[in-house]
Amino acid sequence: MSTLCIQPLLGANAAVYAIQNATTEGKITVIALLILSLFSWTIIITKFRQLMIARKATKKFFAAYNSTRDPLDIQRKGEEFDGAPAYQLYIRGADELAYQLKNNPVPVQAVRSVVSDNREHTNTDMLARSTEVKISMASFEAVKVILEEAAGAEAMALEKGMIVLSTAVAGGPFIGLLGTVWGVMSTFAGIAESKAATLTAMAPGVAAALVATVTGLLVAIPAMFAYNFMVTTIRAITQELDGYASRYANQIEHVYVDHRPLADEIRNANEVLAGRIVGALKNHNEPRTLVDR
C-alpha cells in the first residue's frame with residue numbers, strides 16, 4: 001500500500017526535482033520554451049476563434065448572397081456580416097462598382113420583358129437588360145483589381161500568426177534537444193572533475209537535462225495538431241474565397257458591364273449628343289422676357 005502511494009508522488013515531483021537540479025543553461029532553455037508555448041497557445045486560441053467566426057459568418061453571407069441576383073443588393077440593404085472574409089471582399093468590390101457607376105456611367109436603353117413574371121429579380125438576364133446605367137470594360141478592370149487585392153488581403157489575414165505555430169512545431173524539439181545535450185555535457189564534465197562516476201552523481205544532472213527535451217515536446221505536440229487543423233481550414237476558406245471572387249466578378253460583368261457592339265455605342269452616343277445640341281438650340285432661340293433681359 002505504501003509503495004503504491006509513493007510512486008505517484010515521485011512521478012509528480014520528478015519535473016520539480018529535475019528543474020531544481022538543472023544548470024543555468026537548462027533553466028534558460030526551459031524558460032525560452034515556456035515563453036514560446038505562451039505565444040503558441042495565444043495564437044491557437046485566437047486563431048481558432050477567428051476561424052470559427054469566419055466559417056459561421058461566411059455561411060450566413062452566402063445564404064444572403066445566393067438569395068438575390070443583383071450584386072449590389074446586399075450593400076443597398078445595409079446588411080453586414082462581420083468576420084466573413086467573403087463579405088469583406090464583397091463590400092470592397094461593391095464600393096468600387098458603386099463608385100464607377102456614379103463617376104464613369106455608361107447610359108444604355110433598358111429592355112423590358114414582355115412576359116409577366118413575378119420572379120424577375122431572380123433572373124440575371126432580365127436584370128442585366130433592365131439596368132439603364134452600366135460601366136465600361138475599363139471600369140470593370142478597376143473593379144477586378146480591387147477584388148484581387150481584397151482576396152489577397154483576406155488570405156493574409158487568415159494566415160497571420162501561423163508562423164508562430166510553425167516555429168513551435170519545428171523549433172520546440174530542437175531547442176529542447178539543445179538544452180538536453182548541453183545539460184548532459186555539463187553533467188559529464190562535472191563528474192570528470194570530481195572523479196566520482198556513480199549513478200548517484202549522474203542522476204540529478206541527466207534528469208535535469210532531459211526536462212528540456214520533455215518541455216520541447218510538450219510545446220511542439222499541441223502546436224503540431226493545431227497547425228495542421230488550422231492550415232487545412234484556412235486552405236478551404238481561401239479556395240472558397242477565390243471561387244467566390246470569380247463568381248462575383250462574372251455576375252458584375254453580366255449585369256453592370258456594357259457589352260454592346262461598337263456600332264450601337266457610337267449610335268447611342270450620337271443620339272445623346274444630338275439631343276443635347278437640339279436642347280441647346282431650343283434654349284438659345286426661346287424669346288427672353290424683360291425680366292431675363
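The values are calculated or read from the model by the stated rules, or taken from the named source; none is laboratory data. If you're wondering where the values come from, they're calculated on a predicted model, not measured in any experiment. In this analysis, Cβ positions are derived from the backbone assuming ideal geometry, glycine residues included, and neighbour counts consider all displayed protein chains.
Would you check which residues across the range 19-48 are of a type outside the set (A, V, I, L, M, F, W, C), at pLDDT below 90 and either closer than 30 Å to L158 by Cβ or not in a helix (DSSP H, G or I) (or both) and list them? Let's see the steps before the verdict.
Taking the range 19-48 and keeping what is of a type outside the set (A, V, I, L, M, F, W, C), we get 20-21, 23-27, 29, 37, 40, 42, 46-47.
Next, only the ones that are at pLDDT below 90 stay: 20-21, 23-27, 29.
Across the range 19-48, the qualifying residues are N21, T23.
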- request: Report, ordered by the first and then the second residue, all pairs with beta carbons closer than 8 Å, sequence separation of six or more or different chains, a first member in the range 136-164 that is more than 25 Å from D82 (Cβ to Cβ), and a second member that is crowded, with 16+ Cβ neighbours inside 10 Å and acidic (D, E).
  value: S136/D258; M137/D258; F140/E253; A142/E96
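From V231, V255, which residue is modelled with pLDDT of 65 or more, over 30 Å from E96 (Cβ atoms) and aliphatic (A, V, I, L, M)? Write out each step before concluding.
Numbers: V255 fails: over 30 Å from E96 (Cβ atoms).
Testing whether each residue is modelled with pLDDT of 65 or more, over 30 Å from E96 (Cβ atoms) and aliphatic (A, V, I, L, M) leaves just V231.
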message: For the range 49-76, give me the residue count where each residue is closer than 23 Å to K144 by Cβ, assigned to a helix (DSSP H, G or I) and of a type in the set (D, E, K, R).
response: 2
message: If I filter the range 98-114 for residues that are among the hydrophobic types (A, V, I, L, M, F, W, C), within 15 Å of I252 (Cβ to Cβ) and modelled with pLDDT of 85 or more, do I get at least one hit?
response: yes
- request: Could you please tell me which pairs satisfy a Cβ distance under 6 Å, a separation of 6+ or placement on different chains, a first residue in the range 165-178 that is at pLDDT 90 or above, and a second residue that is crowded, with 17+ Cβ neighbours inside 10 Å and aromatic (F, W, Y)?
  value: L165/Y227; V169/Y227
query: Scanning for something surrounded by 14 or more Cβ atoms within 10 Å (Cβ to Cβ), modelled with pLDDT under 85 and out of contact with any Phe, Trp or Tyr (no Cβ under 6 Å at 6 or more places or on another chain), does the range 190-199 turn up at least one residue?
result: yes
message: Take T58 and tell me if it is polar (S, T, N, Q) and either surrounded by fewer than 16 Cβ atoms within 10 Å (Cβ to Cβ) or at pLDDT below 90 (or both).
response: no
task: Could you grab me the full set of residues in the range 71-112 that are closer than 24 Å to A142 by Cβ, more than 25 Å from the chain's Cα centre (by Cα) and in contact (Cβ under 8 Å) with a residue 60 or more places away in the chain?
output: L101, V106, P107, V108
